[in-house]
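Have a look at the structure below before the remarks.
The values are calculated or read from the model by the stated rules, or taken from the named source; none is laboratory data. All values derive from a computational prediction rather than experimental measurement. Positions of Cβ are generated from backbone atoms using ideal geometry, with glycine treated the same way; all protein chains shown enter the neighbour counts. When the accessible area is computed, the model is the full protein with side chains, heavy atoms only, and any ligands, DNA or RNA have been set aside. Shrake-Rupley method; radii C 1.70, N 1.55, O 1.52, S 1.80 Å.
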Amino acid sequence: MTKKTKMAAIRLSVIALVIAGGLYFFHSFFSAFAPPEIKITKNCISTNRDFINGVSIEKIQVDLIGDKNHPVKYTVIYTTSCNIHHPIGRPPDPPNRIEFDKPGNYSWDEDTVKVRYIHDGLSRASLDTTNELWWLNKFGDHAICPIKFEREQWYFITMGDPQVTGIFFYIDKSGEEHQYFLHSGVSPI
């Protein structure tokens, strides 16, 4: 190879490296604006990010299904919350997967409630004023999730992510799992 050919190859390699690095940066930057990918099964919930604030699972009694095949009017009859345990003295290492039937660095509490909600688009509004003191009724400290998903029963799952309004979860009578993700439209920054 001649000296000119070697210099051209080096220049092309440097240009290709700079372009690839720039594309990777832009992909990483803009993917931060996308809502998290969340997968729910009857055994666990996982995400491509983390559950720094835990999750809450509400068992709901459905009054009305909307045109997108998920509840739009319902009553919450039971709720359980997963509380992440952050170690003291070191940076938190929140999980990106929460097992419902196995202990981890989290615990579960529960609450029996009766609060009616309606979904208008992606926002959720209470039809009752009784939900103002819901947190006073919490009880239990469980290592595993106290709720077991039932067939033909709807659940609404929330997490501390501003980009997620919530996720409706349903297991039909044949055992097939369905989830309906409600993106809030809120920017993460």
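For the reader, a short list of remarks on this structure follows.
- Meets criteria (loosely packed, with under 15 Cβ neighbours inside 10 Å and farther than 25 Å from Gln163 by Cα) for Ala9: yes
- Of all residues in the stretch 97-130, exactly one satisfies the criterion of being part of a loop (DSSP other than H, G, I, E, B) and among the basic types (Lys, Arg), namely Lys102.
- Tally of residues being among the β-branched types (Val, Ile, Thr) and open to solvent by 70 Å² or more (accessible area, probe 1.4 Å) across the stretch 16-62: 3
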